[in-house]
Structures are given as structure tokens and as C-alpha cells.
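Chemist: Sharing a structure, written as C-alpha cells. Questions coming.
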Amino acid sequence: MKSLLEEVQELNMTFLMLAQRLIADDRFAAIAKMNITDEQCNVIEKLSASDIIALSKRNQFLFSFELSGDEVERSLSTGRGSNSMTKAAHLSIALLNKEAV
Amino acid sequence: MSRLDLLSEYQQVQTAIELIELGARVQTLEDVTEINRCRLVRLYKEVRGEAPAKGQLPYSTDWYATWKPNYHSTLFLSFFNRIKNLPDITYSRALASAYKLYSEQVLMIEDEDDGVVLSFTRAWMLTRFIESKQLELCTCSNCQLPFVVLSYSLNDQFVCGLCAPPSRAGVPLKRPTAATPTLATTP
Ligand SMILES: [Zn+2]
């Protein structure tokens with residue numbers, strides 16, 4: 001069985017590899033999807049496989065949870081049911097109005 | 001023609017094809033690309049297999065202020081605004097990417113009562129209405145997020161349609177909770 005620690009490392013690797021695929025598919029859309037800056041996009045794009053392994057090997061996430069408690073609460077209380085478009089729209093609009101740092 | 005010109009022309013045609021696939025009309029393509037009308041019509045026929053529809057664009061700004069179209073428009077515009085100023089992006093590229101982001105998010109939810117409400121033509125017109133200041137963004141006094149509103153409307157203590165949905169939308173009308181004290185006291 002995989003340890004939680006190994007799973008964190010794997011998630012970091014998956015994140016960076018998926019990021020590279022998203023950037024290759026549509027760079028501008030990828031920047032919006034990941035809420036990263038143009039500069040971060042350039043950095044991620046150029047990472048080699050060994051760079052990705054080196055960055056991923058840690059007990060911390062390389063990406064962060066961006067929502068405040070208020071935002072989660074507000075989004076979850078918008079609309080009814082888990083597949084409500086109003087719920088999704090409220091959360092997406094909140095995420096898109098966050099400054100990438 | 002230089003290599004750079006050829007490359008840029010190739011990219012423009014690629015984006016135009018993408019826009020046609022997303023539902024763009026020839027009027028829109030003429031507005032957002034530098035390709036001439038004749039070529040656009042040919043391109044359109046090739047991609048869609050039929051001649052482009054003729055006629056005026058019937059849309060007015062009022063539609064964007066109605067409940068469902070409003071949060072769809074705001075969602076699209078939030079994607080568009082997030083990417084429109086990125087280095088090397090063109091207007092047509094920003095429209096194509098933002099519209100794809102919008103429709104992909106809507107289709108992902110699979111809400112039976114809600115679908116891709118905003119057509120590509122309406123999305124493009126929205127960006128132009130914002131530019132000409134016929135529509136603008138106004139911050140909701142409850143969630144603090146910017147939503148599309150008609151310009152010059154009285155937006156004092158504006159509450160967005162997601163914080164206060166109309167009762168006929170099948171959602172119980174909730175009184176928006178007051179903004180947190182920290183936000184309310186911020187000058
Ligand atoms: Zn609101």
C-alpha cells in the first residue's frame with residue numbers, strides 16, 4: 001500500500017505533467033485554469049522530466065487551495081444539488097477574480 | 001511575404017476555423033480577424049458545409065441583464081478578462097479560448113435546467129458592449145464579485161443574481177447575508 005507521503009509526491013508529479021499538457025493544448029486557457037502567471041507558465045512549460053521529479057519529491061503540495069471559508073460556503077449554498085450551474089458559476093467567477101501570484 | 005507574416009496568417013486562419021466551429025458568424029470573423037470577407041465566406045463554407053446565414057445581429061444589451069443569461073455572461077467575461085491581456089494574445093484567440101473555457105465548464109456540470117445559454121455571437125457582442133461601455137461590471141455587495149450590469153443603471157447596494165436568485169427560478173429566495181464586518185468597515 002502506498003503511503004500518504006508517496007501520494008503527495010505523486011500528486012505533485014501528476015500536477016506538473018498535467019500542467020504541461022494543458023499548456024501545450026491551449027496556453028492561454030491553461031493560465032486561466034490553473035490561475036498562474038505568464039511567467040509561471042513559461043517555467044512549468046520548460047521543466048524536464050528530472051526537474052519534475054526533483055520538484056515533486058517533498059512532503060508539501062506544490063499548488064495551493066485558493067478558496068476562503070466564505071467562498072466555499074457561498075458557493076455551496078448557491079443553487080440546489082451538486083450539479084447546479086448556478087453553484088458552478090459562482091465558484092468559477094470567484095476563482096477567476098483571484099490574482100495569480 | 002516574410003516568414004513571420006506567413007506564420008501570423010496561418011495562425012489567424014487556424015483561429016478563424018476554431019471560431020467557426022464554436023459558432024462564429026462571418027460578421028464576427030470580419031470584426032476580430034484581418035482576413036478579408038471573401039476568404040472568410042469560403043472558409044466558413046468549408047468548415048460548416050453550408051453558406052453563412054445572412055441578416056442583422058438582432059441582439060440588444062437587455063438580454064444580458066436577465067437572470068440566467070446574466071451569470072452565464074459574467075462567467076464567460078470572467079474567463080475572457082482573465083486572459084485578454086496576456087502577452088502575445090490576439091482578440092480572436094482570447095475569444096476562442098474564453099468561449100471554450102466557458103462552454104466546457106457549462107457542459108461539465110450537466111445541469112438539466114441549464115446549458116450553454118450564451119451563444120458565441122452573444123459572447124463576442126458582450127465583449128464589444130463592455131468596450132463601448134453599454135454594459136459594465138458592478139461588484140455585488142454580498143459576494144464582492146463583479147457581475148455584468150447595464151451601464152448607468154442604479155447599482156447602489158447591487159446584489160448579484162447568484163446571491164439573490166428570483167423566486168421564479170425555482171430557488172427559494174434568500175436574503176443575502178450581510179457582508180462580514182471586516183469587509184463592511186473597509187474604507
Ligand atoms: Zn453576489
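The values are calculated or read from the model by the stated rules, or taken from the named source; none is laboratory data. Nothing here was measured: the structure is a model prediction, and the numbers come from that model. Heads up, the Cβs are rebuilt from the backbone with ideal geometry, glycines too, and the neighbour counts pull from every protein chain shown. What goes into the accessible areas is simple: the full protein's heavy atoms, side chains included, and nothing from ligands, DNA or RNA. Shrake-Rupley method; radii C 1.70, N 1.55, O 1.52, S 1.80 Å.
Chemist: Just name the residue that is most open to solvent (accessible area, probe 1.4 Å) out of those in the range A:1-33 that are among the hydrophobic types (A, V, I, L, M, F, W, C) and farther than 29 Å from B:Arg82 by Cβ.
Modeler: Residues of the range A:1-33 among the hydrophobic types (A, V, I, L, M, F, W, C): A:1, A:4-5, A:8, A:11, A:13, A:15-19, A:22-24, A:28-32.
Next, only the ones that are farther than 29 Å from B:Arg82 by Cβ stay: A:1, A:4-5.
Numbers: A:Met1: 233, A:Leu4: 143, A:Leu5: 107 Å².
By that ranking, first place goes to A:Met1.
Chemist: Search the range A:46-84 for residues being part of a helix (DSSP H, G or I) and among the charged types (D, E, K, R), and hand back the single one that is nearest to the ligand (Cβ to nearest atom). Steps first, answer last, please.
Modeler: Looking only at the range A:46-84, we keep the residues that are part of a helix (DSSP H, G or I), and these are A:46, A:49-56, A:69-77.
Then drop every residue that is not among the charged types (D, E, K, R), which leaves A:46, A:51, A:70-71, A:73-74.
Values: A:Lys46: 39, A:Asp51: 41, A:Asp70: 12, A:Glu71: 11, A:Glu73: 13, A:Arg74: 8 Å.
Filtering first and then ranking leaves A:Arg74.
Chemist: Report the residue count in the range B:101-154 for those that are among the small types (Gly, Ala, Ser) and under 30 Å from A:Gly69 (Cα atoms). Can you show your working first?
Modeler: So the first thing to find is which residues in the range B:101-154 are among the small types (Gly, Ala, Ser), and the list is B:103, B:115, B:119, B:123, B:132, B:141, B:151, B:153.
With the extra rule that they be under 30 Å from A:Gly69 (Cα atoms), the set shrinks to B:103, B:115, B:141.
Here the count works out to 3.
Chemist: What are the residues in the range B:105-142 that are within 16 Å of the ligand (Cβ to nearest atom), out of contact with any Ser or Thr (no Cβ under 9 Å at 6 or more places or on another chain) and of a type in the set (A, V, I, L, M, F, W, C), if any?
Modeler: Within the range B:105-142, B:Cys140 is the sole residue that qualifies.
Chemist: Can you tell me which of A:Ala54, A:Ala88, A:Ala100 is small (Gly, Ala, Ser) and more than 10 Å from every other protein chain (Cβ to nearest Cβ)?
Modeler: Working: A:Ala88 fails: more than 10 Å from every other protein chain (Cβ to nearest Cβ); A:Ala100 fails: more than 10 Å from every other protein chain (Cβ to nearest Cβ).
Step by step, each of A:Ala54, A:Ala88, A:Ala100 is checked, and only A:Ala54 is small (Gly, Ala, Ser) and more than 10 Å from every other protein chain (Cβ to nearest Cβ).
Chemist: Further question on the same structure: Within the range B:99-114, does at least one residue satisfy the condition of being more than 9 Å from chain A (Cβ to nearest Cβ) and touching an Asp or Glu at 6+ places or on another chain (Cβ under 8 Å)?
Modeler: No, the range B:99-114 contains no residue that is more than 9 Å from chain A (Cβ to nearest Cβ) and touching an Asp or Glu at 6+ places or on another chain (Cβ under 8 Å).
Chemist: Of all residues in the range A:48-97, which are in contact (Cβ under 8 Å) with a residue 40 or more places away in the chain and open to solvent by 40 Å² or more (accessible area, probe 1.4 Å)? Reasoning before the result, please.
Modeler: Of the range A:48-97, the ones in contact (Cβ under 8 Å) with a residue 40 or more places away in the chain are A:53, A:55-63, A:95-96.
Answer for the range A:48-97, where residues must be in contact (Cβ under 8 Å) with a residue 40 or more places away in the chain and open to solvent by 40 Å² or more (accessible area, probe 1.4 Å): A:Ile53, A:Leu55, A:Lys57, A:Arg58, A:Asn59, A:Gln60, A:Phe61, A:Leu62, A:Phe63, A:Leu95.
Chemist: Among helices (runs of 4 or more DSSP H) lying entirely in the range B:1-91, which contain 3 or more residues that are β-branched (Val, Ile, Thr)? Talk me through it step by step, then tell me what you get.
Modeler: On the way: elements: B:3-21, B:26-32, B:37-48, B:67-83.
So the answer is B:3-21, B:26-32.
Chemist: Name the single residue, out of those in the range A:19-47 being out of contact with any Lys or Arg (no Cβ under 8 Å at 6 or more places or on another chain) and touching a residue at least 60 places away in the same chain (Cβ under 8 Å), that is nearest to the other protein chains (Cβ to nearest Cβ).
Modeler: Looking at the filtered set, the residue picked out is A:Thr37.
Chemist: OK, next. Counting only residues that are among the small types (Gly, Ala, Ser), more than 21 Å from the chain's Cα centre (by Cα) and more than 10 Å from chain A (Cβ to nearest Cβ), which one in the range B:143-171 is nearest to the ligand (Cβ to nearest atom)?
Modeler: So in the range B:143-171, the residues among the small types (Gly, Ala, Ser) come out as B:151, B:153, B:161, B:164, B:167, B:169-170.
Subsequent filtering for residues that are more than 21 Å from the chain's Cα centre (by Cα) retains B:164, B:167, B:169-170.
With the extra rule that they be more than 10 Å from chain A (Cβ to nearest Cβ), the set shrinks to B:164, B:167.
On the way: B:Ala164: 7, B:Ser167: 17 Å.
Only one residue tops the list, namely B:Ala164.
Chemist: Still on this structure, I have one more. What number goes with the only condition from (1) in a helix (DSSP H, G or I); (2) within 9 Å of chain A (Cβ to nearest Cβ); (3) surrounded by fewer than 22 Cβ atoms within 10 Å (Cβ to Cβ) that B:Thr121 does not pass?
Modeler: (2)
Chemist: Look at B:Gln105 and say whether it is out of contact with any Pro (no Cβ under 6 Å at 6 or more places or on another chain) and open to solvent by 50 Å² or more (accessible area, probe 1.4 Å).
Modeler: On the way: out of contact with any Pro (no Cβ under 6 Å at 6 or more places or on another chain): yes; open to solvent by 50 Å² or more (accessible area, probe 1.4 Å): no.
No, not satisfied.
Chemist: When you look at B:Thr90, is it in contact (Cβ under 8 Å) with a residue 12 or more places away in the chain, farther than 18 Å from B:Gly23 by Cβ and within 12 Å of another protein chain (Cβ to nearest Cβ), yes or no? Spell out how you get there, then give the answer.
Modeler: Details: in contact (Cβ under 8 Å) with a residue 12 or more places away in the chain: yes; farther than 18 Å from B:Gly23 by Cβ: yes; within 12 Å of another protein chain (Cβ to nearest Cβ): yes.
Considered against the rule, which asks whether it is in contact (Cβ under 8 Å) with a residue 12 or more places away in the chain, farther than 18 Å from B:Gly23 by Cβ and within 12 Å of another protein chain (Cβ to nearest Cβ), B:Thr90 comes out as yes.
Chemist: Still on this structure, I have one more. Which condition does B:Pro165 not pass, out of (1) open to solvent by 20 Å² or more (accessible area, probe 1.4 Å); (2) at pLDDT below 95, if it passes all the others?
Modeler: Of everything listed in (1) open to solvent by 20 Å² or more (accessible area, probe 1.4 Å); (2) at pLDDT below 95, B:Pro165 misses just condition (1).
Chemist: Still on this structure: Taking A:Asp38, is it away from the ligand (no atom under 16 Å from the Cβ), under 18 Å from B:Ala98 (Cβ atoms) and open to solvent by 50 Å² or more (accessible area, probe 1.4 Å)? Can you show your working first?
Modeler: Working: away from the ligand (no atom under 16 Å from the Cβ): yes; under 18 Å from B:Ala98 (Cβ atoms): yes; open to solvent by 50 Å² or more (accessible area, probe 1.4 Å): no.
Here the answer is no, as A:Asp38 does not meet what is asked.
Chemist: Another question about this same structure. Out of (1) under 13 Å from the mean Cα position of the chain (by Cα); (2) open to solvent by less than 10 Å² (accessible area, probe 1.4 Å), what's the single condition that is false for B:Leu22?
Modeler: (2)
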